[in-house]
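Trainee: Take this structure first; my questions come after.
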Amino acid sequence: MIALKIVASGTYLHADKPWLVAIVRVDHDYWYELAKAANDLDIGQLPVVNDEGHAFYVSYSNVREGQTFKPDSRTHRTFADAKFDAEERAPSPITWQD
């Protein structure tokens, strides 16, 4: 579990009910750190972070800044990539609030 910063949030419809989605930013690669802790890194594997050391994820949970969470996506180096991933996976268009 890791602390996060919400950089965008929105809703989409699934079975006629609104569902939450958020794009979150963290200061490390969650999946890399998990594999590292389990001594399960591939040879030469490096964390997926941008030049500022940030990674972006999609979350379908009711996340809040400062709390911990488990990502619902692979690691993305950019906000735009994470947002595209969320939009591709949602069963209906996402209405972004941020």
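Bear in mind these aren't lab numbers, they're just calculated from the coordinates by the rules spelled out. What you see is a predicted model; the values in this text were computed from it and never measured. Cβ coordinates were reconstructed from backbone atoms using ideal geometry, including for glycine residues, and neighbour counts include every protein chain displayed.
Trainee: Treating the stretch 2-89 as a set of equal point scatterers at the Cα positions, no solvent, please give the Debye-formula log₁₀ I(q)/I(0) at q = 0.11, 0.13, 0.14, 0.26 Å⁻¹.
Mentor: -0.31, -0.43, -0.49, -1.31
Trainee: Whose amide H sits under 5 Å from the amide H of Ser9, counting only residues 5 or more places off or on another chain, with H placed in the peptide plane?
Mentor: Ile23, Gln97, Asp98
Trainee: Rounding to the nearest 20 debye, state how big the charge dipole of the chain is about its Cα centre with +1 on each Lys and Arg Cβ and -1 on each Asp and Glu Cβ. Intermediate values should be presented prior to the final figure.
Mentor: Details: 10 positive and 15 negative charges, 54 e Å.
Magnitude of the dipole: close to 260 debye.
Trainee: Same structure, new question: Identify which of Asp27, Asp40, Asp16 has the largest mean-square fluctuation in a Gaussian network model of the chain, with springs joining Cα atoms closer than 10 Å.
Mentor: Maximum fluctuation in the GNM of the chain, among the listed residues, is at Asp16.
Trainee: For the chain, modelled as a GNM with alpha-carbon contacts under 10 angstrom, which of Pro71, Pro18, Pro47 fluctuates the most?
Mentor: Pro18
Trainee: OK, next. Apply the Karplus parameterisation 6.51 cos²θ - 1.76 cosθ + 1.60, with θ equal to phi minus 60°, to every residue of the stretch 18-31 and state each ³J(HN,Hα) to the nearest whole Hz, in sequence, with x for glycine and proline.
Mentor: Values, residue by residue: x, 10, 8, 9, 9, 9, 10, 10, 10, 9, 6, 8, 3, 5 Hz.
Trainee: So which residue, out of Ala82, Ala35, Ala22, gets the largest mean-square fluctuation from a GNM of the chain using Cα contacts under 10 Å as springs?
Mentor: Ala35
Trainee: Here is a further query. Could you list the GluC sites (Glu not before Pro) in the stretch 1-81 that lie in coil according to DSSP, counting only those with at most 15 other Cβ atoms within 10 Å of their Cβ?
Mentor: On the way: sites: Glu33, Glu52, Glu65; in loops: Glu52, Glu65.
Passing sites in the stretch 1-81 are Glu52, Glu65.
Trainee: For Lys83, which lysines qualify as cross-link partners when the Cα separation must be under 19 Å and same-chain residues fewer than eight apart are set aside?
Mentor: Qualifying lysines at Cα under 19 Å: Lys5, Lys70.
Trainee: Using the basic label-point model (7 angstrom from Cα toward the beta carbon), what is the Lys70 to Ile43 distance in nanometres?
Mentor: The answer from the label model is 3.1 nm.
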